[in-house]
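Worksheet: the structure to be examined is printed underneath.
Every number here is computed from the coordinates shown, using simple stated rules; none is lab data. Computed from a predicted structure; not experimentally measured. Cβ: placed from backbone, ideal geometry, glycine included. Neighbour counts: every protein chain shown.
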Amino acid sequence: MIHNSDILLSGRNIKKCFRTGAGEDFYALRGVDIDIPRGKLVILKGRSGSGKTTLINALSTLDRVTEGEISFDGEFYSQMNDAKKEQLRRNEMGFVFQSIALVPIMNAYENVDFALRLCDSIGKMSDKEKDERIRHVLELVGMGERIHHLPGQMSGGEQQRVAIARACVTKPKLIFADEPTGALDTETGIKVMKLFRELIEKEGITIVMTTHDPNLMELGDVIYEMEDGELIER
Amino acid sequence: MFRLVTQKIKNKLWLTICLIIGLSFLVAVCSCQPMFKNGSLNRMLMLKFENFIEDNNLYPTVLSRDKTIKYEKGKISIDYILDKVDEFCGKWDGSGLNVDSLGNQTIVSIKNATASGSDGTKGRYLDISYIDDVENHIEIVKGDKLSDEAEDGVYPFITSEKVLDDMNLVPGVTYEFPTIMDDNGNTLKLKLVGIYKANSDSDVFWYVQPNALESNILVNKTVMDKIMSDYNVSEISYVSYLMLDYRDIKNNNVDKVIAAINNIIAEDSGIKSSMEQMLSDYVSKRSSVSMMLWVLELPVLGMVLAFIYMVSGQLVESEKNEIAMFKSRGFKRTQIVMIYFVQALILSIIAIVLGISVGYILCISSASTTDFLTFGGNDTSCYSFTPQMILYGVGAAIVGIMFIVVPACLASGISIVEYMSLKNVNKKMFWEKSFLDVILLGLSLYMMYYFNQTADSIRQKAIEGQSVDPLVFLDSILFIVSFGLLVLRLTQYLVKLVYHIGRKKWKPAMYASFLQITRSFNKQGFIAVFMILTVALGIYNANGARTINRNKEERLQYEMGSDVVFKETWDKIPFRVGFTTHYSYIEPDFAKYSELTNQGYAKNIAQVQKIEDTSVKTSKAKISNVMLMGINPKQFATTADLKEELNYPTHWYNYVNELSKQPEGAVISSNLANALGVEIGSSFTVYGKNKDIVDEDQHAEYKVVAIVDAWPGFVQYSYEDGEEKENYLVVTNLSSIVKAIERKPYEIWVRLDDGVSGAEFKEKLNEMGIQPEQYETLESNIHNMKTEPEIQIVNGMFTMCFLVALALCGIGFLIYWISSIRQRELLFGVYRAMGMSVSQVNKMLLNEHVFSTLFAVISGVMVGAVSTLLFSKLMAIVYLPQKHNLDIYIYFEAMDSVKLLIVVTVMIVICLIVLRKIIKSMNITQALKLGED
C-alpha cells in the first residue's frame, strides 16, 4: 500500500464475516478497497443491507474486520490494542448516528462538554477556552440559542445538530456519520449536509457519511456506492 | 385477549416474575397475619392456664357446684347425690362444644364434726368425707385400705399425712363423734386404719389435692351411706369439680366457651367457674394483640405495595410504546386496562398459592424467634393453618391487582404524541415539590413530644392491660419515612453541591455519573427511598427488639439477684398457740454447699433470708410492707449481681462492707428513708410479721448505715390487677434476724460457675440428696419471658418485617439497576463509540452506586440510629410499663448493623457483577443498533 499524505484513511481488501443463526458464514464485506481523502465529504451510498454500516463500523474501529488492513494516518488498526483504538476514537474521530443518541439527561451544552472532557488534549485548554469552544461549535451548528435545552425538548433536526456539534468539538480529523439524515425530513437533511460542508471548510474536518437518499448525493466530494458487500465503480 | 396476555408475560418474563414475587409477599404478609394472631392468642391462652397451674397449683379450667343439703333422714343417699352430680356434668356435655371434660371430683362431707380420740385427745373438728371413685386414685402408705367392715359398730377411715399431722391423729385410735348419734343415742365411732396419698402427682382426678384437704377423713361409700341412713346429721354438703380440658379451649372457640359457661351459671347459681377472670383478661387483651400485629406489619405492607407499584410502573413504562400503538389502532382505554387486569388476575392466582405457603413458613419461623433474627428457640405447636389465611390472601391479592392496574390506567390515558414528548422530561416527585417530608417530619416530632409528655398515661394503660394507642407505633414509622425522605433530599442537594464545586474539573466518568444521579433523581430516588427505609427500619427494629429483650432480661436478673435461687426443705417441729399451729424450724447444715463451690459448680453460694411484710417504726413514723433481708455480707457480695452503675457513684460493695463492720447496722432503700425521714446514723425498729404470737419479742433495733436506690432482689414497685404498690427494704446481718426476729427457711442464692447450667446444678443438688424447693434459675426465667406472647410478637414481627423488607429491597434493587442499564444500553454504546473504555463505563456505574446506594445505606443507618434514640424508649415503655429500679436503657447492638450492612453489601456486589457482565457482553455496534427502532 502506497502511503499518500492526502489520504487520511485507507482500507485494503476488507472482509467481514458474520455467523448466521443457522451456523453459516455470511460475508457482509467481501474485500473492499477504499481511500478517504483529507478534507473531503465522502458519501457511501447503497441500499440497506448493502454493508454501508458494517464498513463504517470497521473504518471507525468500532468493529473488527475478519480480513484486510485499515490504516488511519499511516497507522494500522491491526497493530493497535483496544486502549489505543479508544484513544483514537476519543481524539481523532467524531461520531454522528442515525439514532442521534444524545445523552438524554444532559442538555445541549453538557452533551458537547462531555465529549470534550473525553478528549485527551483537554488538559491543555483553560476552562475559558473550553467554554468558548463549546459555545463556538454550538453556534456553528445553529444551536447557540438553545444550549440549556434537554434533548427531550428539541426537535429531531435540532438534536442531530447538537450531535454534530458534539462530534466536532474535539477538532477531530474525521467524523463518521451513519445515516445522519435518516431520521430527518429532506429539508432538514439538506440543512445538515450544508452544515457538513461548512465544517469541512471552517474546521478542516474530513467527513465520511452513509445515506440512501439520492437528493443528498450531489453535495458530496467523493461518492462510493456499495452493493452486496462490495464497492462498485461509479 | 388471553393469548395477548400470555404473549405479554412471555416478553417481559423478568418483570413479571418480580411482580409475582411482590404479590406473593403481599399475600404472604397478609395471610400470615391471622395465623400468627391465632397462634399467639392460642399460646397466650395456654400460658394463662399454665401460669395459673404454676401459681395456684390448681387445675385451671374447672366448673364447680357446691351444695349443702338440709338432712332428712333416710331420704338422701350417695347415689342421690351422684345423680345430681351427673346432671351437673351433663350440662357441659350438652353444650355441644369440642371441649372434653377430663372427669370430675366429687366430695361428699359431713363438716366440722368434733372428734375425741380414744387416746384422750380432744378439741378437733373433722370433715367426714366420701370421695367418689377415690379407691382408684390412691395408694395406701401405711395400714389398711378402705373397707366397710365394721368392728363392734366402729367403721374404718383413712386420712392423708397432712391431716394426720395437723389434726394430731394416731393410726389405730378410734375417734368418737359426740354430735353425731343414731336414734338409740349411740355416738358415731370411726377408727383410723390407714394413711393414703395420691397415686400419682399428675392424676387430674385430684383437682383438690390430698394435701389441700385440710381436715377431711375418708370413709367408703357403704359407710357413708350407713352414716347417712342410721345417724342424725344436720347437714350434708357436697362439692363437685368438673375439669375441662384446657388444651381444647382455643382462640376460635373461646367465645362459645364463655357463652356456654355463662348459660350454665345463669341456669344454676350454685355453679361456679374458675376461669372467668382468666378468660375475660384474655378477651380484653385479644383485640390489642390483633391491632399490635397490624401496626407492626404496617411498614412492611407499605413497602410491599410500593414495590408492586414500582415494578408494575416499570412494566407499563416499558410497554408504553405498545399501549400507544394499541391506542392508535383504536383500542379503547377500558380494553387496554382490561388486558392489564387479566394479566394481574393470572399473576394473583399464582401469587395466592405461593404467598400462602410463604406466609405459613414466615409465620412458623417468626413464631420460633427468641430474639431479633434468632430463630428456633420457641415452641410453634400453637401455630397452624387457618382458613382465614385464604380469605386474607385473596383480599391482599385484590389490593395487589389494584396496584398493578392503576399505572396501566394512568398510562392508557396518554396518546402516543404525548408519550413521545413526555419521554425525557424530568419531573420532580410529588413529595419533593410539596415538601411533604418536612411537613410529616414536623408532625411526627410533635407527636413524639406529645407522647413523651403523656408517657405516664401510656404506662398506666399498658399496666392495666388496655390497648395502647397505635399512633405511638405509627409515629415512629412516620418519623422514619419522613426523615428518610428528608435525608434523601439533603443527599441530593449535597451531590448537586459537590458536582457544582468541581464542575469544571470532573473527569468524563464522574461528570456523566453526577449528571445521571442528579437528573434522574425521581427514578433513582424511588429505589433510594426503598434502601433507606429498609436499612432504617431494620436497624430501628433490631434496636427496638434488643432494647425490649435486654431490658426485660436485666429486670429479671435484677429481681432474682443471682443465677439460681432456691430453698431447702427444713425439718420443723409443730407447736400450737391457741387454735393455730406454728412451727419451729431446724436449720440444715449449710457448710455442705462448699462442696459445690469446690467442685466447680458454683462460684459462690449465699444464704439470704427474706421476710416480707414486716413493719418499721421510728418515734415519728411507721411503715409496713417492708421486706427484711438478712445476709452474710461477704457471701452476698460475691454471689449477688447488681449493675455497677446503679447506686452511682458508690459501688454497692461499699454498703455491704458497712454492714459487715456493724452487726446492728442496716442498709435501707431510699424510699423507706424518705418515708421514715431517717438519715445515716438514725435508729429504727423492725417488727416481725407474727406479732400475734410473741408480740414484743419479735423486734430488733437497727442503725442506718447506708441508703440505696437499688439492691439485688429488691423490687420497689409491684403490681396487682393494675394497682401499683410501693415496697420498702431493710437489709441487715442474717444473724441479727435469727437472734431477734425469726428463724425460718432462707433462700439460697447461687452464682454459677462458667458453663454450668441451672439444670446441671439441680442435678448435682439431687445427687447430694438435697431436694430444693421453689428452684428458680435466671436462665429458665429468661426463657419463659421469651415465650410471652407480647415479646414473641415483637421478636417475630420485627424479624419477619425485616426479612421481607430485605428480600424486597434486594430484588427491587436488582430490577432497578438491570432495567436502568437495559434502558441505557444505547447510551453506553455511544459512550463506548466516543472512546470511553469499558473500565471507564464501569467506573461511571460504580460512581452512581456509591452516590446513590452507598449514600442510601449510610442515610438508612443514620435514620435508623436517630429513630432508635428518639423512639425506642417510648416503645419500650409500652412493653415494660412497670416502674422499676432499673431505668430503661437503649441498646444498640453493633452486630445487627454489621449483619445488615453485610447483607446490603452482598446485594450490591451481586448487582455490580451482573451489571459488569451485561456491559462486557455488550457489543458497541449492537448497542447502537438497538436505538434505531
query: For A:Glu158, B:Glu135, what ranking results if the residue with the fewest other Cβ atoms within 10 Å of its Cβ goes first?
result: B:Glu135, A:Glu158
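Given a Förster radius of 41 Å and the C-beta distance between A:Asp213 and B:Phe430 as r, what FRET efficiency does 1/(1 + (r/R0)^6) yield to the nearest 0.05?
0.35
I'd like the trypsin sites (Lys or Arg not before Pro) in the stretch B:428-472 restricted to DSSP loop residues with at most 14 other Cβ atoms within 10 Å, sorted by number.
Here the trypsin sites (Lys or Arg not before Pro) that fit, given the DSSP loop and packing criteria, are B:Lys428.
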message: As I understand it, the value is the acute angle between the Cα axis of helix B:652-661 and the longest principal axis of the Cα atoms of chain B; what does it come to in degrees, rounded to 10?
response: 20
message: With the crude spin-label approximation of a point 7 Å out along Cα→Cβ, what separation in nm comes out for A:Ser155 versus B:Gln209?
response: 9.9
- request: Would you count, across the stretch B:56-124, every pair of lysines whose alpha carbons are under 22 angstrom apart, provided the pair is eight or more residues apart or spans two chains?
  value: 12
message: Output the 0 to 90 degree angle, nearest 10, between the alpha-carbon long axis of helix B:838-849 and the longest principal axis computed from the alpha carbons of chain B.
response: 50
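Going by C-beta contacts inside 10 Å, put A:Asp221, A:Asp178, B:Asp132 in order with the fewest on the left. Provide the component values of the computation, followed by the final result.
Numbers: A:Asp221 14, A:Asp178 25, B:Asp132 18.
Listing A:Asp221, A:Asp178, B:Asp132 from fewest to most nearby Cβ atoms yields A:Asp221, B:Asp132, A:Asp178.
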For chain B, calculated [θ]222 nm from helices alone, where every DSSP H run of n ≥ 4 adds -39500 (n - 2.57): -18000 deg cm²/dmol
query: About its Cα centre, what dipole magnitude does chain A give when the only charges are +1 on Lys and Arg Cβ and -1 on Asp and Glu Cβ, stated in debye to the nearest 20?
result: 420
field: Of A:Lys171/A:Lys202; B:Lys786/B:Lys899; B:Lys162/B:Lys592, those spanning more than 19 Å from alpha-carbon to alpha-carbon
entry: B:Lys786/B:Lys899; B:Lys162/B:Lys592
query: How much FRET efficiency would the formula 1/(1 + (r/R0)^6) give for B:Leu490 and A:Ile232, where r is the Cβ-Cβ distance and R0 is 60 Å, rounded to 0.05?
result: 0.40
- line: GNM on chain A, Cα springs under 10 Å; top mean-square fluctuation among A:Met93, A:Met125, A:Met154 goes to A:Met125
field: Stretchable slack from B:Lys505 to B:Lys142, in nm (0.36 nm times residue separation minus alpha-carbon distance)
entry: 120.4 nm
- prompt: Just how far, in whole angstrom, is the stretch B:466-544 from the stretch B:373-399 if you go by their alpha carbon centroids?
  reply: 33
- line: the stretch B:318-413 -> Rg/Rh from Cα coords, Kirkwood Rh, value 1.23
query: A:Lys16: which lysines have alpha carbons under 24 Å from its alpha carbon, excluding same-chain residues fewer than 8 sequence positions away?
result: A:Lys45, A:Lys52, A:Lys84, A:Lys85, B:Lys920, B:Lys929
query: Among A:Glu198, A:Glu86, A:Glu218, whose mean-square fluctuation peaks in a Gaussian network model of chain A (Cα, cutoff 10 Å)?
result: A:Glu218
- prompt: Do the sum for chain A: with -39,500 (n - 2.57) for every DSSP H run of n ≥ 4, divided by all residues, what is the mean residue ellipticity at 222 nm, to the nearest 500 deg cm²/dmol?
  reply: -10000 deg cm²/dmol
message: At a 4.7 angstrom Cβ threshold, list every cysteine in chain B that has nobody to pair with, or say none.
response: B:Cys18, B:Cys30, B:Cys89, B:Cys382, B:Cys409, B:Cys801, B:Cys809, B:Cys911
- line: Between the modelled labels at B:Thr380 and B:Glu595 (7 Å from Cα along Cα→Cβ) the distance in nm is 4.4
query: Size of the dipole of the protein assembly as shown about the Cα centre, Lys and Arg at +1 and Asp and Glu at -1 on the beta carbon, nothing else charged, in debye to 20?
result: 6660
message: If you filter the stretch B:614-664 for chymotrypsin sites (Phe, Trp or Tyr not before Pro), then keep DSSP loop positions with at most 14 other Cβ within 10 Å, what is left?
response: none
query: Based on the alpha-carbon gyration tensor of the protein assembly as shown and its eigenvalue square roots a ≥ b ≥ c, which shape applies: rounded if a/c is under 1.5, prolate if not and a/b is larger than b/c, or oblate?
result: prolate
- prompt: Roughly how tilted is helix B:78-93, in degrees to the nearest 10 and between 0 and 90, from the longest Cα axis of chain B?
  reply: 10
Using a Förster distance of 51 Å, the FRET efficiency for B:Asp245-B:Phe331 (Cβ separation, nearest 0.05): 0.20
task: Quote the Stokes-Einstein diffusion coefficient, in whole µm² s⁻¹, for the stretch B:441-518, based on the Kirkwood radius over alpha carbon pairs, a temperature of 10 °C and a viscosity of 1.306 mPa s.
output: 101
field: Spatial extent of the stretch B:826-901: Rg and Dmax, with the Cα atoms as the point set, Å
entry: 22.2, 72
- request: Report Rg/Rh for the stretch A:2-132, rounded to two decimals, where Rg is the Cα radius of gyration and Rh the Kirkwood radius.
  value: 1.02
statement: When B:Phe684, B:Phe2, B:Phe514, B:Phe326 are ranked with the fewest other C-beta atoms within 10 Å first, the list becomes B:Phe2, B:Phe326, B:Phe514, B:Phe684
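Within 10 Å of each Cβ in peptide B:513-519, how many partner chain Cβ atoms are there on average? Round it to a whole number, please.
Working: counts 0, 0, 8, 4, 1, 1, 7.
Across B:513-519, the average partner-chain Cβ count within 10 Å equals 3.
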message: Between A:Ile223 and B:Ser670, what is the label-point separation in nm under the 7 Å Cα-to-beta-carbon projection?
response: 10.2
